[in-house]
1. Checking the condition surrounded by 15 or more Cβ atoms within 10 Å (Cβ to Cβ), among the charged types (D, E, K, R), modelled with pLDDT of 90 or more and not in a strand (DSSP E or B), which residue from Asp19, Asp53, Asp44 passes?
2. Among residues belonging to segment 107-132 that are in contact (Cβ under 8 Å) with a residue 40 or more places away in the chain and aliphatic (A, V, I, L, M), point out the one that is farthest from Trp34 (Cα to Cα).
3. Output the number of residues of segment 22-38 satisfying the condition of being among the polar types (S, T, N, Q), more than 24 Å from Arg104 (Cα to Cα) and not in a strand (DSSP E or B).
4. Say we look at segment 108-154 and pick out the residues that are among the hydrophobic types (A, V, I, L, M, F, W, C) and surrounded by fewer than 15 Cβ atoms within 10 Å (Cβ to Cβ); which of these is modelled with the lowest pLDDT?
5. Residue by residue through segment 82-125, note down the ones that are among the basic types (Lys, Arg) and not in a strand (DSSP E or B).
Amino acid sequence: MAVEVWQYARPKGRSPRWDFRVTHGDAVAFESAWVAIRYSAREDASWLAGLIDLLVACGTLLWRPGHPAPTSAGMRWDGDLDDDCWATVGDMHAHAEHLHGPRRGGAWYSSVSRSGRLFHTADCGVQPRSGVAARWLCELVMYSALPGDAINVR
């Protein structure tokens, strides 16, 4: 297993962005370009890359955004998937909501709670750029925090 995190410059003076890749042997297990999420700092990209690396190391089959999570996660989203939606698995609750801008490429937020906040995009520099990405991020955090898993979410 290997995690690579790098910064790349963008034209016209726009702020640089971060990307990452998780490999397993010679195969790419996950690449950040597969999901519409921006990372404001190396630490933010490294956190998600590390979470994905741990899931792959545990033998978890990762799913790409827009595809269903593993059936053991039991995710079912309610509400308007293009604006404000939520899901509950056991005692965990996820919420994804469009804040402003276009539905694709605008500002979204994601949060996961379990008798307190486990993850919220306002607490870190991870910014979903679509509803699919916001829900995927919630699913990934919830799946990693299911009982029996020793993976630490943010």
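1. Within the list Asp19, Asp53, Asp44, the selection yields Asp44.
2. In this case the residue turns out to be Val112.
3. Total satisfying the criteria: 0.
4. Out of the qualifying residues, it is Ala150.
5. Arg103, Arg104, Arg114
The values are calculated or read from the model by the stated rules, or taken from the named source; none is laboratory data. Not measured: the values here are computed from a predicted model. So basically every Cβ, Gly included, is an ideal-geometry build from the backbone, and we count neighbours across all protein chains shown.
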